[in-house]
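What follows is one structure encoded as structure tokens, with my remarks underneath.
The values are calculated or read from the model by the stated rules, or taken from the named source; none is laboratory data. In this text the structure is predicted, and so the values were computed from the model without any measurement. Cβ sites come from the backbone with ideal geometry, for glycine too, and all protein chains shown count toward neighbours.
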Amino acid sequence: MVKLRTFDNAQLLIEHSEKPHYKDDVVCFKSEYKDKIHQENEQYFNKELYMILVLEGYSKIRLNGELITIGANTLLIHGANYLTEHLDSSKNIKFITLFISESMRTDDSYLTQITSILLATMRQNGQYTIELTEEESMTIRRELESLMYLLKSEHHFLFRRIQASCNGLFLDIADFLSRKTIIKKHIGHKDHVLQKFHALVTRHFREEHFINFYANKLAISNQYLSRIVRAGTGKSVNDIISNLLIIEARTLLSSRSLTVNGISARLCFNDTAGFCKFFKRKTKQTPLNYRKGLLIPSD
């Protein structure tokens, strides 16, 4: 059975607190095949800006249903709300991974601008990867290694220094991409709204289940937000919120630490019956039947 879960920096650091990091905002680390944090046949719904630079070997993944192979000197980058399934990796794979939280990315106006332009350009081109030259790859590698060193330091102005390092990194990535494709100098209003919506929904989907909250936060109408999200993702706002809720519910059901009543409350449903009805409508089975199917041993 393919495992399905949500994934963010906080969850990563519970299991791998030794990874170079700054709070839950930035995590950057070097890995080999034996160090993988995601196993084959595991799906996860990423809630952070995700970047991986492959140094050696290759990896095969399915990203939002699209099969992608990434090899040496390839940079994979995407924003939040992407469903990833790891299929296979070569035994000699070496790579550097960077996760930046949506709150970190959107709290810095310059970082917001450059990453939004970068992600919007890649999305418009239908691409998730950038093929780098040896020289470009070495530049990105040096910057990521410098960031890892910085994350382990006790710099008196660490937060600002990390922001500056991330800004420099993504400016170089945008520069390399601009040599291979046309980058819009300014992100359009609709792309900006979509980026802000993604940041909001990954933070608030547990307690805010309806479009009104997100439209009000963005100071636009429900109808306008619906059109932008549909055009940009092919999904409705309700579909995105429901998918996040189901993935989170499945994650919580995979442990016996919470009852179904507790999970319903955690996800801010009015009552357990409403949660069970929602879960069955989306998955064709009750929460208890889903949990039984996992064959989780009792504590």
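For the stretch 226-233, the count of residues that are at pLDDT below 85 and surrounded by 13 or more Cβ atoms within 10 Å (Cβ to Cβ) is nonzero.
ALA120 falls short on exactly one of the conditions (1) without any contact (Cβ under 8 Å) to a residue 60 or more places away in the chain; (2) of a type in the set (Gly, Ala, Ser); (3) within 30 Å of ASN238 (Cα to Cα), and that condition is (1). Residues of the stretch 269-281 that are of a type outside the set (Asp, Glu) and surrounded by fewer than 14 Cβ atoms within 10 Å (Cβ to Cβ): ASN270, ALA273, GLY274, LYS277, ARG281.
Residues of the stretch 23-77 that are modelled with pLDDT under 80 and over 21 Å from GLN127 (Cα atoms): ASP35, LYS36, ILE37, HIS38, GLN39, GLU40, ASN41, GLU42.
What single numbered condition from (1) modelled with pLDDT of 90 or more; (2) buried (at least 19 other Cβ atoms within 10 Å of the Cβ); (3) over 22 Å from GLU66 (Cβ atoms) fails to hold for SER153? Unmet for SER153, out of (1) modelled with pLDDT of 90 or more; (2) buried (at least 19 other Cβ atoms within 10 Å of the Cβ); (3) over 22 Å from GLU66 (Cβ atoms): (2). A residue that is outside any helix (DSSP H, G or I) and at pLDDT 80 or above can be found somewhere in the stretch 188-205. Taking the stretch 256-276 as the range and being in contact with a Phe, Trp or Tyr (Cβ under 7 Å, 6 or more places away or on another chain), part of a helix (DSSP H, G or I) and in contact (Cβ under 8 Å) with a residue 60 or more places away in the chain as the test, no residue passes.
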